[in-house]
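The values are calculated or read from the model by the stated rules, or taken from the named source; none is laboratory data. From a predicted model like this one, the values you see are computed outputs, not experimental measurements. Virtual Cβ from ideal backbone geometry, glycine too; neighbours counted across all protein chains shown. Remember, those area values only see protein heavy atoms, side chains included, never the ligands or the DNA or RNA. Shrake-Rupley method; radii C 1.70, N 1.55, O 1.52, S 1.80 Å.
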Amino acid sequence: MKTSADLRRAVRGIDHRGYPACKALAGGYQFDGFRLFVDHVQGDPFAAPSTLRVEVPHAQAGFPAVLRSSKVARRALADHLTRRFATQLAHCSMRVKGSGKSGLLATSRCGQEVLVRSACEVTDEAVVVRFRAGFPAFGRTVNGDGLETMLLDFVPRCVEAALVFANLDAAQVKAAVDLAEDQHALREAARATGLVAFVADGAVLPRESGASDLPMCNAVPFRSPDTLRRTFDLPHAGAVSGMGIPRGVTLIVGGGYHGKSTLLAALQNGVYDHVAGDGREFVITDETAVKLRAEDGRAVRNVDISPFINNLPNGADTRRFSTLDASGSTSQAAAVAEGLEAGCRAFLIDEDTSAANFMVRDELMQQVVARDAEPITPFVERVRALHESCGASTILVAGSSGAFFYVADQVIQMENYQARDITAKVRKLCAENPDLRSSGAREVDFAGAAGGRALPKLELGEGARGRGGRSDGRSGHDGRCASNGHGRYDSRGTGRKGRGSAHGEHGDTERARFEHAKVKTLGRDALSIGKVDVDVRLIEQIADAEQAEALAYAVRYVLENLADGTRTVAQAAREAMHVLDERGWKPFCGGYVPCNLAKPRPQELAACLNRLRAASK
Ligand code: ADP
Ligand code: MG
């Protein structure tokens, strides 16, 4: 292996040369105490910065074995180190001058969630971090001095300060790992005792603003009603008390602006762990929980929505329902079926974002529009069957209709941001008014919906494999996919020849990337993979843009490797996540692994696969 001295010599050798000379720096270098790998070199100073990787062997990093003994501990340690390393890089970023992104040093920008990220992995051998560096240049002339400062001064300093245990606040590191172990224990215990969710006393649920995920200052802390209070003994934090939401159907009611949606939002985020200080450290929800909402306009492919929708006026088969433009109610019905297929054990619904006609239909309306003329069986008539025959609980915010009172196992009222258990009162009320109950549900069979459908063979087009590209995931695809109107994409490859080594880097990597369709993301809102688009704006449980980025790669992996007609959507999603767990990011990325990927849940991957559509021209 080359050494840091070799790197210094090479950098000096390209000073004042044209920018492409930087390509020669790709490769690995042994430094004092760590190895630096230049995985990808940018094409010019205005392009996406270069991707670098540092590996610090445990012998040098010095983290005690207890901090990296389990998967849970390693994930928390990696998250903590990502944040520390990002802070160090920020101190050095843009201090070296030049054009475009010259001098930039950055890695993942973690939010409030603790997620597995490509930015840092704690393996059996080493602490591995990935980051971006804008190799400096004036115009397109390499700034050798600046580059030498970045790579041989700044990077070692950041590594030393952020990735070596002796230089970190040991108590802080331990606290991060302890918290993760507590959260893990709480999840297990809650599930084992029949809870779908738990909200600790003292939790801070509201956020600073619609645009900030930080906790609100001076919020009213959460306090469990006595009747729902559960206490768990956690390995580090000791006894933690809070509101346990049992399996079944849970209703959250209350006046407008009393904190119903805030509670539900905290629950839907409770599928992820949160960092210390977030306020939601001990707000945890069954990790398979899916937020259901109306999403009119979305694409739906071969979904059995017959438990909710039958006899559509256009005669469409609702046991294999496909559309490129769903209505509010059909989209929500499809989401239930897709959720069941993806193994969801809890649905979360807020009336604020639901289709009203999907949820309930009142007596008077039933008299005016005869049952037979109404294609929709509302959710209120299906929610018990979902629990009893499919094992899927529901937590539902419903401030405007009493119809759900009759089917709820527990009813929580939010009043001035405080939760009250009003189940007994509601039971009495229902017993006194039996005639207000929504008239009996028809028989329902969810087997078709839950069984899932084969993920059809979706070719990205021969062009996707024919044309090379920069392989930084931002160019190079020319495949064409045409939709037959039901979400199937036929190959219409153009078979153009690759641009090959003109953009080439190095042997294997180039060949691997050469074959992939281009992946693009627009923040956390939209993905495109070759000529396939996925609108993910309303998939609410995508935590951040890095998860969206990883989803784009994961969708591509599925379409290129698993979409052969033999697997259901959910099977393909689970299999892809298994590949990620077992083999890391590499199979998803082909060439080098970028530093901005966060592991999604299989539920969100399935949700993306359920929303594929041919790109508009
Ligand atoms: P609802 O869904 O019942 O209409 P929201 O959950 O949207 O009400 O909450 C209304 C407002 O109150 C929001 O601006 C929210 O940030 C704020 N809020 C919610 N919970 C609390 C709390 N515990 N302390 C202080 N403010 C809160
Ligand atoms: Mg609301």
Q. With respect to the numbered conditions (1) more than 27 Å from LEU340 (Cβ to Cβ); (2) within 16 Å of ligand 2 (Cβ to nearest atom), which one is the sole condition not fulfilled by GLY242?
A. (2)
Q. If ARG361 passes every condition in (1) within 23 Å of GLU604 (Cα to Cα); (2) more than 16 Å from ligand 1 (Cβ to nearest atom); (3) surrounded by 22 or more Cβ atoms within 10 Å (Cβ to Cβ) but one, which one does it miss?
A. (1)
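Table: residues versus (1) in contact (Cβ under 8 Å) with a residue 60 or more places away in the chain; (2) within 21 Å of VAL196 (Cα to Cα).
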| position | (1), (2) |
| --- | --- |
| CYS344 | yes, yes |
| GLU351 | no, yes |
| VAL368 | no, no |
| LEU386 | yes, yes |
| ALA392 | no, yes |
| GLN410 | yes, yes |
| ASP421 | yes, yes |
Q) Does any residue of segment 333-342 turn out to be without any contact (Cβ under 8 Å) to a residue 60 or more places away in the chain and among the acidic types (Asp, Glu)? A) no
**Q.** Residues satisfying the stated conditions in segment 413-451, i.e. among the hydroxyl-bearing types (Ser, Thr, Tyr) and within 16 Å of ligand 2 (Cβ to nearest atom)
**A.** TYR417
Q: Kindly list the number of the only condition in (1) at positive phi; (2) within 14 Å of ligand 1 (Cβ to nearest atom) that fails for LEU263.
A: (1)
Q. Among the residues of segment 590-607, is there at least one that is closer than 14 Å to GLU121 by Cβ, in a helix (DSSP H, G or I) and in contact (Cβ under 8 Å) with a residue 40 or more places away in the chain?
A. no
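Identify all residues within segment 311-327 that are of a type in the set (S, T, N, Q) and either at positive phi or at pLDDT below 90 (or both); write none if there are none.
Within segment 311-327, the first condition is being of a type in the set (S, T, N, Q), and the residues that meet it are 311, 314, 318, 322-323, 327.
If the condition is that a residue be of a type in the set (S, T, N, Q) and either at positive phi or at pLDDT below 90 (or both), then ASN311, ASN314 are the ones that fit.
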Q. Using beta carbons and a limit of 7 Å, which pairs, at least six apart or on different chains, have the first residue in segment 256-280 and of a type in the set (Val, Ile, Thr) and the second one within 7 Å of ligand 1 (Cβ to nearest atom)?
A. THR262/LEU205; THR262/PRO206
Q: Could you tell me whether segment 369-377 includes any residue that is within 22 Å of ALA294 (Cβ to Cβ), buried (at least 20 other Cβ atoms within 10 Å of the Cβ), more than 16 Å from ligand 1 (Cβ to nearest atom) and under 28 Å from the mean Cα position of the chain (by Cα)?
A: no
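Can you pull out the residues in segment 147-172 that are exposed (fewer than 15 other Cβ atoms within 10 Å of the Cβ) and assigned to a helix (DSSP H, G or I)?
Filtering segment 147-172 down to residues exposed (fewer than 15 other Cβ atoms within 10 Å of the Cβ) leaves 153, 157, 166-167, 169-172.
Those that are exposed (fewer than 15 other Cβ atoms within 10 Å of the Cβ) and assigned to a helix (DSSP H, G or I): ASP153, ARG157, ALA166, ASN167, ALA170, ALA171, GLN172.
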Q) If you go through segment 287-303 one residue at a time, do you hit one that is in contact (Cβ under 8 Å) with a residue 60 or more places away in the chain, farther than 30 Å from SER212 by Cα and in contact with a His (Cβ under 8 Å, 6 or more places away or on another chain)? A) yes
Q.
If I filter segment 391-408 for residues that are open to solvent by 50 Å² or more (accessible area, probe 1.4 Å) and either in contact with a Pro (Cβ under 7 Å, 6 or more places away or on another chain) or aliphatic (A, V, I, L, M) (or both), do I get at least one hit?
A. no
Q. Checking GLY277 against (1) open to solvent by 30 Å² or more (accessible area, probe 1.4 Å); (2) of a type outside the set (Phe, Trp, Tyr); (3) more than 17 Å from ASP213 (Cβ to Cβ), which test does it fail?
A. (3)
**Q.** Of the criteria (1) in contact with a Gly (Cβ under 8 Å, 6 or more places away or on another chain); (2) of a type in the set (S, T, N, Q); (3) within 16 Å of ligand 2 (Cβ to nearest atom), which one GLN410 fails
**A.** (3)
Q) Just one of the numbered conditions (1) within 16 Å of ligand 1 (Cβ to nearest atom); (2) open to solvent by less than 20 Å² (accessible area, probe 1.4 Å); (3) among the acidic types (Asp, Glu) is not true of GLU341; which one? A) (1)
Q.
Just to be sure before I move on: is ALA48 over 17 Å from GLU181 (Cα atoms), surrounded by fewer than 23 Cβ atoms within 10 Å (Cβ to Cβ) and touching a residue at least 40 places away in the same chain (Cβ under 8 Å) in the structure I sent?
A. yes
(Q) Filter segment 413-443 down to the residues that are in contact with a Gly (Cβ under 8 Å, 6 or more places away or on another chain) and hydrophobic (A, V, I, L, M, F, W, C) and list them by number. (A) MET414, LEU436
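Tell me the strands (runs of 3 or more DSSP E) entirely within segment 175-254 that contain at least 2 residues that are among the basic types (Lys, Arg) and open to solvent by 20 Å² or more (accessible area, probe 1.4 Å). Can you show your working first?
Values: elements: 195-200, 207-209, 212-215, 229-234, 238-246, 249-254.
Hits in segment 175-254: 229-234.
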Q: Considering only segment 280-303, state which residues are open to solvent by less than 20 Å² (accessible area, probe 1.4 Å) and either of a type outside the set (A, V, I, L, M, F, W, C) or part of a strand (DSSP E or B) (or both).
A: ARG280, VAL283, ILE284, THR285, ASP286, THR288, LEU292, GLU295, ARG298, VAL300, ARG301, VAL303
Q: Mind listing just one residue for me: the one in segment 344-358 that is away from ligand 2 (no atom under 16 Å from the Cβ) and part of a helix (DSSP H, G or I) and, of those, surrounded by the fewest Cβ atoms within 10 Å (Cβ to Cβ)?
A: ASN357
Q | In segment 248-296, the residues that are within 12 Å of ligand 2 (Cβ to nearest atom) and within 21 Å of GLN112 (Cα to Cα) | A | GLY259, SER261, THR262, LEU263, LEU264, ALA265
Q | Selection count, segment 221-260, where residues are in contact with a strand residue (DSSP E or B) (Cβ under 7 Å, 6 or more places away or on another chain) and within 16 Å of ligand 1 (Cβ to nearest atom) | A | 14
